[in-house]
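Contents: one structure, followed by commentary.
The values are calculated or read from the model by the stated rules, or taken from the named source; none is laboratory data. Treat the numbers as computed from the prediction; the structure is a model and nothing was measured. Heads up, the Cβs are rebuilt from the backbone with ideal geometry, glycines too, and the neighbour counts pull from every protein chain shown.
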Amino acid sequence: MIHRYFPHTPEDIAKMLGRCGIENLDDLYADVPESLMLRRDYDVPSQMSEDEVRRYFKELAESNLQSTCFAGYGFYDHYAPAVINHIISRSEFLTAYTPYQPEISQGTLQYIFEYQTMMTELTGLDVSNASMYDGTTAVAEAVMMAVANARKRNRVLVSSTLNYLYVDVINTYARYHGIVVDMIPEKDGVTDLDAMEQMLASGDVAGVVLPSPNCYGILEDYTGVADKVHAAKSLLIITAPASTLGVIKSPGEWGADIAAGEAQSLGMPLNFGGPNLGYMCCVKSLIRKLPGRIVGATTDADGKRTFVLTLQAREQHIRREKATSNICSNQGLMALYAAVYLSLMGPEGLREVNEISCARTHYMVRKLEETGLFEPMFPERPYLCEVAMRYNGTVDLDILLQTLCVDYGVLAGVQTDDDCVVLCATEKRTVEEIDALAEAFVSAHNDLKDINSQN
């Protein structure tokens, strides 16, 4: 055996490679540039004591550049109470990976139940699931759920103001499930609702996906939208970062049938790309179409309160062709993290997080405007803790952002166009850090302009 804990025989591997149309495992990484491939042994001494190993890797970690994060666009640098890591490590939560046997999985089942309860309160909908990988796949699953509910309709409308990462994953899912995705045009930074109504008139739309806030950070007004969508016999899907649901109008209040999105904003650290947590909630009438896990509360033979997996056939997990969805791996640790975060913060704490983030973001906009390099793309539109800024400088924006990252230790937003950058200031960003961000933009811009003039 090549790998001690992998059960696959050489024959098994050969069959899988043949199914993929490749000859060997190295072909799986054919798109990785040769310059990034490590062709030597790790530069780690062969013999060290445990204390020496800890010290060695601590020194390596300290050599990394610790950046101040003003990036958002779906991933947010929020404060997390230190006690969370202690609570999620308690033994009662370290039960079965897949909680099929409730008698030995009560810890796991209870925290999933509590997580579901809190997510329904946030979204204003009837029921929540668990075990969604991340926001993008959760929204894509919501699209599939809408099509499955419509049966004979396979067309979905997606707002052009939705985060492009979500759009890309929706298109990937749709391609292999025969779903037609049409983009609703945007107008002045928000969804063109008149165009949406015209597109609904075709009578073949299974669902409509709308963001709140949108990719520019704008809080869109969806008054009356649910009535129009439902009149066309379609489902309304609204996506939002979970933290913002503590203060903005919930999907349920807008009349949405499904709410799906990313829950990383509930205090989860930004660990170079994950882990994340997708959430999905829906109205009661759609509960049989809901993928993932659903935990219910009941009583045992002694009348004691207990928790069980409910409303799911075993085919959901082991027979792909019969499953509602193939999301079946347990993203339980992140659901536990979110449940502990929400229970510690409470409604008042979540509101405070958003109020401080909103105030810091508005202060950041004023400071960036003062530099003369930026202006809000949509100054009349309301935003919460994220904003799209138009760049008016004379050097390349991409190079400017790279310079700020490498030379100033600042992740200064996410570039979405040649002259547009989306920035976010959460409650962790101080006034001093925002002032330093504005100064860094000016300094880096002037340095690059001087270099360009010399060349």
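So is I218 β-branched (V, I, T), touching a Phe, Trp or Tyr at 6+ places or on another chain (Cβ under 7 Å), crowded, with 19+ Cβ neighbours inside 10 Å and in the same structural domain as G135 (by TED's automatic domain parsing) or not?
Details: β-branched (V, I, T): yes; touching a Phe, Trp or Tyr at 6+ places or on another chain (Cβ under 7 Å): yes; crowded, with 19+ Cβ neighbours inside 10 Å: yes; in the same structural domain as G135 (by TED's automatic domain parsing): yes.
Taking the combined requirement at face value, the residue satisfies it.
Of all residues in the range 353-390, which are touching a Cys at 6+ places or on another chain (Cβ under 7 Å) and not aliphatic (A, V, I, L, M)?
Within the range 353-390, N354, S357, C358, T361, C385, E386, R390 qualify.
Here is a list: V225, V209, V247, V205. Which entry is crowded, with 24+ Cβ neighbours inside 10 Å and more than 18 Å from the chain's Cα centre (by Cα)?
Values: V225 fails: crowded, with 24+ Cβ neighbours inside 10 Å; V209 fails: more than 18 Å from the chain's Cα centre (by Cα); V247 fails: crowded, with 24+ Cβ neighbours inside 10 Å.
Unique residue meeting the criteria: V205.
Name, by its number, the condition in (1) assigned to a loop (DSSP other than H, G, I, E, B); (2) at pLDDT 90 or above that does not hold for R54.
Condition not satisfied by R54: (1).
Does the range 61-74 contain any residue that is over 30 Å from V406 (Cα atoms) and assigned to a loop (DSSP other than H, G, I, E, B)?
No, the range 61-74 contains no residue that is over 30 Å from V406 (Cα atoms) and assigned to a loop (DSSP other than H, G, I, E, B).
I'd like to know if the range 262-277 contains one or more residues that are in a strand (DSSP E or B), under 20 Å from S343 (Cβ atoms) and in contact (Cβ under 8 Å) with a residue 60 or more places away in the chain.
yes
Could you list all residues from the range 429-448 that are within 12 Å of T371 (Cα to Cα) and of a type in the set (S, T, Y)?
Residue satisfying the conditions is S443 alone.
Please tell me if T361 is modelled with pLDDT of 95 or more, assigned by TED's automatic domain parsing to the domain that holds T426 and under 25 Å from Q264 (Cα atoms).
yes
Please verify whether G72 is of a type outside the set (S, T, Y), outside the structural domain of S212 (by TED's automatic domain parsing) and closer than 26 Å to Y341 by Cβ, treating the condition exactly as stated. Can you show your working first?
Values: of a type outside the set (S, T, Y): yes; outside the structural domain of S212 (by TED's automatic domain parsing): yes; closer than 26 Å to Y341 by Cβ: yes.
It is true that G72 is of a type outside the set (S, T, Y), outside the structural domain of S212 (by TED's automatic domain parsing) and closer than 26 Å to Y341 by Cβ.
In the range 110-134, how many residues are buried (at least 24 other Cβ atoms within 10 Å of the Cβ), among the hydrophobic types (A, V, I, L, M, F, W, C) and in a helix (DSSP H, G or I)?
Residues in the range 110-134 being buried (at least 24 other Cβ atoms within 10 Å of the Cβ), among the hydrophobic types (A, V, I, L, M, F, W, C) and in a helix (DSSP H, G or I): 3 in total.
Out of everything in the range 273-330 that is modelled with pLDDT under 90 and of a type in the set (K, R), what residue ends up being surrounded by the most Cβ atoms within 10 Å (Cβ to Cβ)?
Here the residue is R293.
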